[in-house]
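Here's the structure, in structure tokens; my notes come after.
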Amino acid sequence: MLFETVSAGGCRSYVIGCEETCAAALIDPELGQLDRYLALAARDGLRIRYLIDTHTHADHFSATQQLARQLGVPVVMHSASPAPFVDLRLQGGELLVIGRLRLQALHTPGHTRDSMCLCVEDRVFTGDTLLIGGTGRTDLPSGDAGALYESLFEGVLRLDPSLKVFPAHEYKGRSHSTIGQELAENPRLQKGDRGAFIEMMQSLNLRMPTHVTEALRTNMTGGKTVAQMLSEASAGVPFMSLGELNARIESRSDVLIMLDVRERDAFEQGHISGARLLPRGQLELRVNEELTDPTRRILVYCEFGRISTLATATLRQMGFRGAVALDGGMKAWREAGFPVRVGKEP
């Protein structure tokens, strides 16, 4: 078996492949590592056949949907997953055939309702059900401490003690553990009584993951993250540097429409001299009266450069091919020491 671990912060993804056939699966891919997964597969001559999430992630953005579009392969989750983009829904005990490999699903609800573990040869991919020295939390949507107890003590922990444990998260740099080691050393598994285990899990008082709302929204629905939208907008938008804009303003040689797409109070506190105020929320409604010539060159800026990137992409989609975004936004303009005009006038 060909095997590779991909670490991104505390998140762990895994590439497993059949040496004979070069068929492969990618387990728990993270959106920020797309190119890395593809590079690893190309390096080893693997063809990814399945994209698998062990559960609905709440602490990072899954790459399964985007990779499925790029590669034309199915997204696999447990049948309890709420995600509408899942192509293949597994029940506990069912297998995925990956060349000569057999990847068996074990339904392990508790961390989430749709959690599953995956067994292949000498290892088990435990998602967030069983971590090295810990377990998944149960205080997020669809979490259930009682269900986790049963999944662990009546399921995962009854597997062969020599099986290697590869979880979806690991924050101390350990590569893996074994079922036997976790039974002996994992502090959360020392409470064998169901009631005591539930009480322990319910009293952990853990901090909520960063981006939990956005992660659940995108992973459950297939919607886009803000970062994805910005990345896609940036790919089709040209930018102008601060120095270039200042030089054009000083030379007065370029007829350039400058649009400030912030709200009025921010505009009046300080804007680039000559800029027009057209808040992003009103752009589509006012564009025809404010920008009567679609051939004009238009420079768009906001406070940090993100909203103006989206606004510029919208303008170009509407036919304003001369629209460009200011690189860095008003904050960078101020910090660079370029002149700022205060008040209502352009």
Region 324-346 - residue that is more than 18 Å from Glu263 (Cα to Cα) and over 29 Å from the mean Cα position of the chain (by Cα) and, of those, surrounded by the most Cβ atoms within 10 Å (Cβ to Cβ): Phe338
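Could you tell me which residue of region 147-184 is farthest from Leu130 (Cα to Cα), considering only residues that are among the β-branched types (Val, Ile, Thr) and in a strand (DSSP E or B)? Working first, answer last.
Here is the first cut: in region 147-184, the ones among the β-branched types (Val, Ile, Thr) are 156, 165, 178-179.
Okay, now just the ones that are also in a strand (DSSP E or B), so 165, 178.
On the way: Val165: 8, Thr178: 11 Å.
Result: Thr178.
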Residue selected from region 291-309 under the condition in contact with a strand residue (DSSP E or B) (Cβ under 7 Å, 6 or more places away or on another chain) and part of a helix (DSSP H, G or I), by the criterion surrounded by the fewest Cβ atoms within 10 Å (Cβ to Cβ): Thr309
List, please: which pairs have Cβ atoms under 9 Å, are six or more places apart or on different chains, and start with a residue in region 69-90 that is of a type in the set (Lys, Arg) and end with one that is modelled with pLDDT of 95 or more and crowded, with 22+ Cβ neighbours inside 10 Å? Arg89/Val76; Arg89/Met77; Arg89/His78; Arg89/Ser81
Could you tell me which residue of region 244-272 is farthest from Leu31 (Cα to Cα), considering only residues that are touching a residue at least 24 places away in the same chain (Cβ under 8 Å) and of a type in the set (Gly, Ala, Ser)? Gly270
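Here is a check on your reading of the model: is Lys331 in a loop (DSSP other than H, G, I, E, B), farther than 20 Å from Ala233 by Cα and touching an Asp or Glu at 6+ places or on another chain (Cβ under 9 Å)?
Numbers: in a loop (DSSP other than H, G, I, E, B): no; farther than 20 Å from Ala233 by Cα: yes; touching an Asp or Glu at 6+ places or on another chain (Cβ under 9 Å): yes.
Against the criterion (in a loop (DSSP other than H, G, I, E, B), farther than 20 Å from Ala233 by Cα and touching an Asp or Glu at 6+ places or on another chain (Cβ under 9 Å)), Lys331 does not qualify.
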Among the residues of region 262-276, write down those that are more than 13 Å from Met330 (Cα to Cα) and either open to solvent by less than 60 Å² (accessible area, probe 1.4 Å) or in contact with a strand residue (DSSP E or B) (Cβ under 7 Å, 6 or more places away or on another chain) (or both). Arg264, Gly274, Arg276
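Test Glu214 against the criterion of being outside any loop (DSSP other than H, G, I, E, B), in contact (Cβ under 8 Å) with a residue 12 or more places away in the chain and either open to solvent by 90 Å² or more (accessible area, probe 1.4 Å) or over 15 Å from Asp327 (Cβ atoms) (or both), and give yes or no.
Values: outside any loop (DSSP other than H, G, I, E, B): yes; in contact (Cβ under 8 Å) with a residue 12 or more places away in the chain: yes; either open to solvent by 90 Å² or more (accessible area, probe 1.4 Å) or over 15 Å from Asp327 (Cβ atoms) (or both): yes.
Yes.
The values are calculated or read from the model by the stated rules, or taken from the named source; none is laboratory data. For clarity, every value in this text was computed on a predicted model and none was experimentally measured. Glycine also receives a Cβ, built like all others from the backbone with ideal geometry; neighbour counts cover every protein chain displayed. Accessible surface is based on the protein model in full, side chains and every heavy atom, while ligands, DNA and RNA are left aside. Shrake-Rupley method; radii C 1.70, N 1.55, O 1.52, S 1.80 Å.
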